[in-house]
Every structure is written in C-alpha cells, then in structure tokens.
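Report on one structure; see the data block that follows.
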Amino acid sequence: MAERHERRSAAILLGESAAIHRVREQLEKAALTEVPVLITGESGTGKELASIHLHELSHRRDHGFFKVNCAAIPDQLFESELFGYEAGAFTGARTSKPGKFEQAHGGTLLIDEIGELDLPLQAKLLHALQDLRIVRLGAIEERRVDVRLICATNRDLEAAALRGEFRSDLYYRVNVLRIQMPALRERSSDVPILMNYFIQLYSERFGGNPDPPSSSFMRLLESYHWPGNIRELENLAKRYVVLGGEEQIIMMLREPEELQPLTMDPVDLNTPLKVQTKRAIQNLERKIILNVLQAHKWNRRKTARTLNISYRALLYKIKEAGLPPVRSVRPSVEKLPVREGE
C-alpha cells in the first residue's frame with residue numbers, strides 16, 4: 001500500500017508547467033522543516049497525495065502516515081477518533097483505543113477537510129496542537145505526541161475566519177506554510193503527460209492494451225475545462241483502458257463552455273413574458289443548485305455554504321426544484337414542468 005501511495009503521489013507532480021514546478025519546489029522545501037503545512041486547492045487536485053509525497057520526502061518517511069477526514073466523521077465520533085478513548089468512556093467502549101494522534105506518533109498526521117470542522121471541535125483541536133499533548137476520552141493524564149501536522153482544505157479558511165465560521169487562532173496555527181495545488185485547467189500543458197501515465201498504469205493493472213491516444217484527442221483533452229481536476233482525468237484514463245480507445249471516450253467529454261455554440265430556446269408565442277421569465281429563472285436556479293451539489297458530491301451542507309444560503313433554504317429549494325433529497329439518481333438538467341396557474 002505504501003508503494004502504491006508513493007507512486008500515485010508522484011504522479012500528480014508529473015508535468016513541465018510552471019504551476020507544478022512551483023508545487024514541487026515548495027514540497028521539497030517543506031520536507032526539510034517540521035512546521036505545519038496547509039495544502040489548499042479545489043477538489044480533485046491531489047491535496048492528499050501531495051501530503052503523502054511530502055511525508056515520503058521528510059525524515060519521517062520510515063514512520064506512519066495517518067489521515068483523518070473531518071467531513072467523513074460524525075461530530076460525536078470525531079473526538080474519540082482523533083484523541084482515542086479508555087475502556088468505559090462511553091457505551092460500547094469495552095477496550096481502550098488510541099486515536100489518530102497517537103497512531104501517528106513519530107510520523108505524519110493529515111487532517112483533511114479541516115474547514116468542515118465545527119467550532120467546538122476546532123477549539124479542542126487547537127488545544128491539542130498548542131503543545132502536542134492529548135487526553136483520551138475517559139482519561140485524566142495527558143499524553144505527549146510527536147507528529148508532523150499537515151492540513152488540507154478546498155475552502156478559503158481566511159475568509160471563513162473573517163466570517164466567524166473558522167477560528168482565527170486555529171487558522172494561524174495550521175497556516176504556517178501554505179501550498180496551493182493548481183487546478184488542472186491551470187496546467188493544461190501537463191494533461192498529455194498525466195493521461196499517458198494513467199493509461200500505462202491502468203493498462204498494467206487491468207491487463208488492457210488500448211491504442212495510443214492520437215494528437216487530436218490529446219488536444220481535445222487540453223482544451224477541456226476539467227471540473228473534477230486530476231481525479232476526473234484519472235477516471236477518464238480508466239475508461240479509456242477498459243473501453244479500448246478514444247472513440248468511446250470523445251462522446252463522454254463535455255465540451256468546454258467557451259467552445260459550446262450558442263443556442264436559442266424555441267420561440268414561444270403563446271406564453272406571456274412574465275411567465276416565461278419566471279420559468280427561465282427557475283430553470284437556471286435548478287441548474288446552478290444541481291451543478292454545485294454534484295461538485296460537492298451531493299454534500300448539502302457544503303452546497304449551502306457555497307451558495308451562501310441556509311441549509312434549510314437549500315432543502316426547500318431542492319424540494320421545490322424537484323431534485324432528489326439525496327444522491328439516489330443523477331438527475332438531468334431539464335426544463336421544469338409548468339405549474340398550473342402560471
């Protein structure tokens with residue numbers, strides 16, 4: 001598993017663009033220090049793999065790399081996951097268990113999606129980071145831990161701190177050295193290099209033997225806007241290997257918005273302007289909400305924050321737009337049906 005992680009982490013740093021050269025230099029310099037590192041960037045840009053690469057470059061490479069994902073752990077379990085617990089600390093705690101801080105002793109701890117951590121838990125994390133001492137749930141004595149801390153987020157923590165959504169003291173504690181992962185569209189010249197790498201990787205893994213990509217296909221990939229970044233490119237390479245070539249892939253690619261031809265809706269001569277305008281606004285709002293939901297993998301709380309509306313307001317709009325409350329199906333962005341009375 002460690003070898004696979006190292007190989008995949010090196011893959012995201014492939015390329016000759018200025019953006020990826022800058023990231024490589026920053027990671028190499030960070031590996032020489034013990035200061036906390038904050039890795040930022042859009043979803044799918046490889047923040048976790050960059051942190052693994054940083055660990056592999058550091059003197060802690062022979063010790064463990066551990067990760068805790070703030071968005072994936074329920075709030076009521078986060079403290080025990082991070083700090084551990086003693087037997088009898090709560091119902092079901094029959095034995096003692098070390099938390100991620102203790103497990104990462106001597107190695108590296110990645111706190112992923114730290115921007116999703118609630119304020120009360122932020123205070124507890126800050127207390128642990130001040131002198132790297134933790135207390136297990138149900139215990140009294142403190143335990144000293146020796147970890148290299150890396151945090152990752154796709155949120156603007158500085159803006160969140162200004163809004164009171166993220167503790168400013170915790171922000172300055174974790175943001176000693178910041179590394180910004182570039183979006184794939186900002187390093188489009190690296191797309192052919194990454195695509196060839198992933199095709200070779202998954203051809204070996206899946207036993208496929210697809211034809212080499214053509215230059216025209218590679219140009220199409222370079223012009224694509226990659227909303228899912230490297231993760232989307234990697235999945236595309238998997239499909240390329242499985243389906244046996246580019247002909248099956250081209251139709252799956254969405255054209256970049258700037259290359260799509262402008263199209264006009266059919267002319268409606270029988271509906272008043274007020275009704276048509278209201279319907280168009282509803283369609284546009286539905287499309288925006290759906291796109292943001294899909295970008296956040298149907299995480300409704302993240303979506304509400306991105307759209308700057310309350311969680312309850314988002315639930316109402318999802319219901320009003322006829323979208324599914326959870327990601328049970330992938331709805332298409334179609335025109336809303338006309339309600340009676342419009």
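Here, each number is a calculation from the coordinates, and none is a lab measurement. Bear in mind that the values here come from a model prediction, so they are computed numbers and not experimental data. Don't worry about glycine lacking a Cβ; one is built from the backbone with ideal geometry, like all the others, and counts go over all protein chains shown.
A few notes on this one:
- Acute angle (nearest 10 degrees) that the helix 47-57 long axis makes with the longest principal axis of the chain, alpha-carbon atoms: 40
- Given Lys238/Lys319; Lys67/Lys297; Lys67/Lys319; Lys124/Lys317, the pairs whose alpha carbons are separated by over 32 Å: Lys238/Lys319; Lys67/Lys319; Lys124/Lys317
- Projected label points at Leu121 and Ile309, each 7 Å from Cα along the beta carbon direction, are separated by 2.6 nanometres.
- Glu232/Phe90 FRET efficiency (R0 30 Å; Cβ-Cβ; nearest 0.05): 0.15
- Long-range Cα-Cα pairs in region 2-180 (distance over 24 Å), rounded percent: 37
- Taking other residues whose beta carbon is less than 11 angstrom from the beta carbon of Arg144, and scoring Lys, Arg as +1 and Asp, Glu as -1, yields -3.
- Once the convex hull of all Cα atoms in region 145-197 is built, its volume per residue stands at 127 Å³.
- Packing order of peptides 41-47, 56-62, highest average first: 41-47, 56-62 (average count of other Cβ atoms within 10 Å over each peptide's residues).
- A Förster distance of 41 Å, applied to the separation of the beta-carbon atoms of Arg163 and Asn196, puts the FRET efficiency at 0.45.
- Relative contact order (percent, whole number), region 201-254, Cα cutoff 8 Å, 6+ residue spacing: 48
- J(HN,Hα) series, region 100-105, from Karplus relation 6.51 cos²θ - 1.76 cosθ + 1.60, nearest Hz, glycine and proline x: 4, 4, 5, 4, 8, 3
- Summed residue charge, Cβ within 15 Å of Glu86's Cβ, Lys/Arg positive, Asp/Glu negative: -1
- Degrees between helix 119-131 axis and first principal axis of the chain (Cα, 0 to 90, nearest 10): 40
- Principal-axis tilt of helix 273-295 within the chain, Cα atoms, nearest 10 degrees: 30
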